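Each value in this text was obtained by applying a stated rule to the coordinates, not by laboratory testing. Only a predicted model underlies this, so the values are computations on that prediction, with no experimental measurement involved. FYI the Cβ positions are ideal-geometry reconstructions off the backbone, even for glycines, and counts take in every protein chain you see.
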Amino acid sequence: MASKRASKSLPATRHVVSINDLSDTDIETIFDTAKNYLKQLPDRHYSYRIGRSTDVASNHVLASLFYEPSTRTRLSFESAMIRLGGQIITSADPATSSAAKGESLADTVRVIANYADIMVIRHPRDGAARLAAEYSPIPVINGGDGSHEHPTQTLCDLFTLKQKNKRLKNLKVAISGDLKGSRTIHSFVYALARFGATIVPMPAKGMELPAHVDQRLREEFRCHMVTVPKDSGEDASIDALYVTPDEPHQQSLFSGPEIERDVGRDLGMLEKKVDALYVTRFQKERWADKDQEYPRIDRKFLNEPKYSDASVMHPLPRVGELDVAFDSDRRAVYFEQAAYGVPIRMALISLLLGLKNKSLHRFAGGFEPGKQIVYDQPRSLGLCCTNSNCIVHDPMEAQSVRNKFIIVQSSGTPRLRCVYCEREIERFVVASRKNKWYATDTASLLPTTDQGLKETVLFADEADAQAAGYHSRRAAADPRPAQRAGGAKP
Ligand code: NCD
């Protein structure tokens, strides 16, 4: 997504907060650029490792702003910038930055933007990176925000699959572990769906994909669910696969024609061997109950014939869920996957900065998102995001955030998607600020233009609307119930 710079003469700044801020062409461009860097700056012994440096970024500074622990993401971003010939500044411990004094992220970002040309941010709150992007005149890259997204990890994941000669179309990728709390998985499944892979969810008990991610895969990315028959020999925890349409992907916020199902292809996907298994750790820091049952992947598990050709992936760190005895197996690709963090992030930094290098590709088109209708009211007014870990609920950001929702129309009944954390709200009431009425018929009363939305306030329910001094529209149109309520004689 792009944000406007303060001065009209400057181009819009491009940010990468979600994997969906990158078009399919952008992603291909990043991969081509990363491949070029691997070729131009090779390591003598390992084909996946950058072994030399260039000076294309010699006039540029990268700021890494990390409010949560990190090894791979921060150090590979910093290594990438140094390999490009640039400089880095780091704030990796919130206890030693002004955050400890209570400074808001919105203020910190505006300050850092004067010290650096690009920044990568990691934060425990969902949606923090989008807030940072709203306030930043320099490109912001999301290095992981709560359990929301981790788009650059997905770039490493997809690139690894490509380097292993796996075309994403028709690929079957199984995903194991904490599908609810892992931000790497959320970015990854969107990308897999966009590029035509089939996703096999293998969640730990109670750790299924969040409802909003599942709904988006089915509605916006047009995945359909193929039920796994009980006698199929599949793992008992797998109920259904997400099969992506066998046609060029068209992401849509609005409902479109039903895609005809190819039953033969669906059956083929059920029988097909797994091409990649993506293992993740239990995201302990995001769960109240820290002592839950969790699947462990070991050699015995991977000896099953359906995994005989599967690349075994992991964003790392691992903490026991993937047996180290498997490391020497030819299918283990996780350390290579981590190594690609450097060329991939070199590519992303140089493309976002528009570095001048003859052999470099360029981002085509831009990040301009399709037209979205956004409801935007002050934080103190009406409905607020229902995700308690969303950045809008961070007391330090109270003055910087607003109640902002994209109106999603994909299922016919409008839903609200928080601009920051992308969680969705299905039930709400619409109120007119001017007329002081509210109504529950959101499908017909929600304005469809930004202009109309200015006059609108949304509430969680009728009780909240009434508490704020609004009256039911029906009651306003027909005075009788109101009179009765006011004690008029029958
Ligand atoms: C992941 C993260 O931080 O989300 N790590 C990474 O960046 N490679 C995965 C994790 O912490 O489990």
How high is the relative contact order of the range 1-110? Use alpha-carbon pairs under 8 Å, at least six apart in sequence, and give a whole percent. 17
Checked against the positive end of the charge dipole of the chain (+1 on Cβ of Lys and Arg, -1 on Cβ of Asp and Glu, about the Cα centre), the farthest of Val226, Val274, Thr160 is Thr160
Provide the gained length on full extension for the span Thr90 to Glu462, in nm with one decimal, where the gain is 0.36 nm per separating residue minus the Cα-Cα distance. 129.2 nm
Which entries in Lys162/Lys273; Lys273/Lys300; Lys205/Lys290; Lys35/Lys273; Lys166/Lys272; Lys172/Lys230 show an alpha-carbon gap greater than 25 Å? Lys35/Lys273
Zone residues, the range 198-230, relative to Asp262, backbone N less than 20 Å from point 7 Å out along Cα-to-Cβ: 198-200, 218-228
Going by a 4.7 Å Cβ-Cβ cut-off, which cysteines of the chain have no partner at all? Cys156, Cys223, Cys384
Work out how much length Lys272 to Thr448 would gain on full extension: take 0.36 nm times their residue separation and subtract the Cα-Cα distance, in nm to one decimal. 58.9 nm
So, relative contact order of the range 316-440 in percent, Cα under 8 Å, 6 or more apart, is 14
Could you point to the residue in Ala467, Leu416, Pro378 farthest towards the positive end of the range 374-486's charge dipole, with +1 and -1 charges on the Cβ of Lys/Arg and Asp/Glu respectively? Ala467
With label points built 7 Å along Cα→Cβ from the Cα atoms of Phe335 and Arg286, find their separation and express it in nm. 2.8
As I understand it, the dipole of the range 152-339 uses +1 on the Cβ of Lys and Arg and -1 on the Cβ of Asp and Glu, about the Cα centre. Which of Ala332, Leu322, Pro245 lies farthest toward its positive end? Ala332
Burial ranking of peptide ranges 371-379, 195-203 (average Cβ count within 10 Å, highest at the top): 195-203, 371-379
In µm²/s, what is D for the range 152-339 at 20 °C and 1.002 mPa s, where D = kT/(6 pi eta Rh) by Stokes-Einstein and Rh is the Kirkwood radius from Cα pairs? 127
Work out the length of the dipole vector of the range 152-339 about its Cα centre, built from +1 on the beta-carbon of each Lys and Arg and -1 on the beta-carbon of each Asp and Glu, and round it to the nearest 20 debye. 500
Describe numerically, in nm with one decimal, the distance between label points set 7 Å from Cα along Cα→Cβ at Arg318 and at Thr71. 1.2
Alpha-carbon Debye profile of the range 374-486, log10 I(q)/I(0) at 0.09, 0.17, 0.19, 0.22 Å⁻¹: -0.25, -0.81, -0.98, -1.24
Based on Cβ point charges of +1 for Lys and Arg and -1 for Asp and Glu, what charge dipole magnitude is obtained for the range 374-486 about its Cα centre, in debye rounded to the nearest 20? 380
Rounded to the nearest 20 debye, dipole of the chain from Cβ charges on Lys, Arg, Asp, Glu: 1040
In Å³ and rounded to a whole number, note down the convex hull volume per residue for the Cα atoms of the range 1-152. 123
Highest mean first, how do 92-104, 31-43 rank when packing is the count of other Cβ atoms within 10 Å averaged over residues? 31-43, 92-104
Between the range 416-453 and the range 16-53, how far is it from one alpha carbon centroid to the other, in angstrom? 42
Once R0 is set to 45 Å, what does the formula 1/(1 + (r/R0)^6) return for the Cβ-Cβ distance between Leu381 and Asn59, expressed as a FRET efficiency to the nearest 0.05? 0.50
Taking every DSSP bridge whose two residues both lie in the chain, the antiparallel percent to the nearest 5 is 45
Take the Cα atoms of the chain, find their three principal axes, and give me the spread along each one in whole Å, biggest first. 91, 61, 43
